[in-house]
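Worksheet: the structure to be examined is printed underneath.
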Amino acid sequence: MIVGDTDDLVGVVRAAHGWRAGTPLHDIRRSVPFVVLTRLGEVVEQGPAGVVEAEWQWLRQRTEEADRPNHTALIEAAYNEPRLRQLYPYTSHSVLNFSTTTGYPFSPNLVSLSAHGSRSNFRVWGRREVLGETATATEAVALAVAHLPADLGSAVAGRYEGQRP
């Protein structure tokens, strides 16, 4: 959430003390000159919805800059789907995943999406199996949403504390 570079050990202790005491990150930054808030540190105090939205925006920007049209289409289709947009998005090995928590370790994947170059352009994964392959990003997102639990809510703050399947 915060980073910095300094030779001032007293400042490091002041920042650590503020962190441990629950001081808002913006207040730590104001009181300790070398502290810089990370992109998530800038929004964490807005709650989980702010963190989720910031991560979506960062992911969309980063994907657009990478010049990978199928991957970009997949991210945009997922972002346009309200049930997926309420979850914390992250990628691993070019696979788009969704977490019900905003912190690492993330919750187990309910669904994952990938763009690839075989006969179908997009693949949808369940927890342990391929759910299907589709020709378009929109179809992949629809297939993923069809496999989400009906009672799935928005991502919550923090790390996943349950057992992994």
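Observations
- Test result for Pro89, modelled with pLDDT under 95, closer than 28 Å to Gly47 by Cβ and not hydroxyl-bearing (Ser, Thr, Tyr): no
- Taking the numbered list (1) touching a helix residue (DSSP H, G or I) at 6+ places or on another chain (Cβ under 7 Å); (2) within 29 Å of Ser154 (Cα to Cα) in turn, Ala49 passes all entries but (1).
- Flag not set for Ser112, criterion: hydroxyl-bearing (Ser, Thr, Tyr), within 14 Å of Val52 (Cα to Cα) and open to solvent by less than 30 Å² (accessible area, probe 1.4 Å).
- Qualifying residue in region 127-146 (condition: modelled with pLDDT under 90, open to solvent by less than 50 Å² (accessible area, probe 1.4 Å) and over 26 Å from Gly41 (Cβ atoms)): no
- Residue in region 85-100 that is open to solvent by 60 Å² or more (accessible area, probe 1.4 Å) and either among the basic types (Lys, Arg) or in a helix (DSSP H, G or I) (or both) present: yes
- Sub-7 Å Cβ pairs linking a first residue in region 138-159 that is more than 21 Å from Val51 (Cα to Cα) and touching a residue at least 60 places away in the same chain (Cβ under 8 Å) to a second residue that is outside any loop (DSSP other than H, G, I, E, B) and among the aromatic types (Phe, Trp, Tyr), at least 6 apart or interchain, are Ala140/Phe122, ordered by first then second residue.
- Condition met for Thr72 (of a type in the set (Ser, Thr, Tyr), touching a Leu at 6+ places or on another chain (Cβ under 9 Å) and not in a loop (DSSP other than H, G, I, E, B)): no
- Selection within region 63-84 - of a type outside the set (Asp, Glu), within 16 Å of the chain's Cα centre (by Cα) and open to solvent by less than 80 Å² (accessible area, probe 1.4 Å): Thr63, His71, Thr72, Leu74, Ile75, Ala77, Ala78, Tyr79, Pro82, Arg83, Leu84
- Only residues that are open to solvent by less than 70 Å² (accessible area, probe 1.4 Å), without any contact (Cβ under 8 Å) to a residue 40 or more places away in the chain and closer than 30 Å to Leu9 by Cα were counted across region 43-59, and they come to 1.
- Candidates Val52, Val124 - the one that is outside any loop (DSSP other than H, G, I, E, B) and touching a His at 6+ places or on another chain (Cβ under 8 Å): Val124
- Qualifying positions in region 1-42 - open to solvent by 90 Å² or more (accessible area, probe 1.4 Å) and under 21 Å from Thr101 (Cβ atoms): Trp19, Arg39
The values are calculated or read from the model by the stated rules, or taken from the named source; none is laboratory data. Keep in mind that this is a model prediction, so the values were computed, not measured. Heads up, the Cβs are rebuilt from the backbone with ideal geometry, glycines too, and the neighbour counts pull from every protein chain shown. Ligands, DNA and RNA are stripped out before the accessible areas are found, and what is left, the full protein with its side chains, is counted by its heavy atoms. Shrake-Rupley method; radii C 1.70, N 1.55, O 1.52, S 1.80 Å.
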